[in-house]
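Reviewing the structure listed below.
The values are calculated or read from the model by the stated rules, or taken from the named source; none is laboratory data. Every value quoted in this text rests on a predicted model; they were computed, and no experiment measured them. Ideal geometry is used to build each Cβ from the backbone, glycine not excepted, and the neighbour counts take in all protein chains shown. Surface accessibility is based on the protein's heavy atoms, side chains included, excluding ligands, DNA and RNA. Shrake-Rupley method; radii C 1.70, N 1.55, O 1.52, S 1.80 Å.
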Amino acid sequence: RAHRAKKAVPPEQTNAESFYHLKQMTNETRMVIVLKDGEDLRGTIEWFDKQALKVHRADAPNILLLKDNVKYMYKENEDKLLDTD
């Protein structure tokens, strides 16, 4: 019987998330960060690592968010695209 080679395990890190954060941070893109509890925060990503994001907010103190609390995020100028009114 032929011995089949095992499929390679996909890499745990693709670095796509880091690339995205770095791009938005470099461009100082205003972001909307929606938390798992439904609250949304607006600001620019000032710093990030594997577990956290530091967000600079113009209207409130800067905040360090654990990524576990983030549901999703998008560019603030995409708000118009998401409006269903």
Three-way shape call for the chain based on the alpha-carbon gyration tensor, with the a/c threshold at 1.5
prolate
Using only Cα atoms and rounding to the nearest 10 degrees, what angle (0 to 90) does helix 16-26 make with the longest principal axis of the chain?
30
Of all the accessible heavy-atom surface of the chain, with the other protein chains kept in place and a 1.4 Å probe, what percent is carbon and sulfur?
52
Per residue accessible area of the chain, 1.4 Å probe, in Å²
83
Loop sites only, by DSSP: take the trypsin sites (Lys or Arg not before Pro) in the chain that have at most 10 other C-beta atoms within 10 Å and name the longest stretch containing none of them.
51-85
Extension gain VAL9-LYS36, at 0.36 nm per residue separation less the Cα-Cα distance, in nm?
6.7 nm
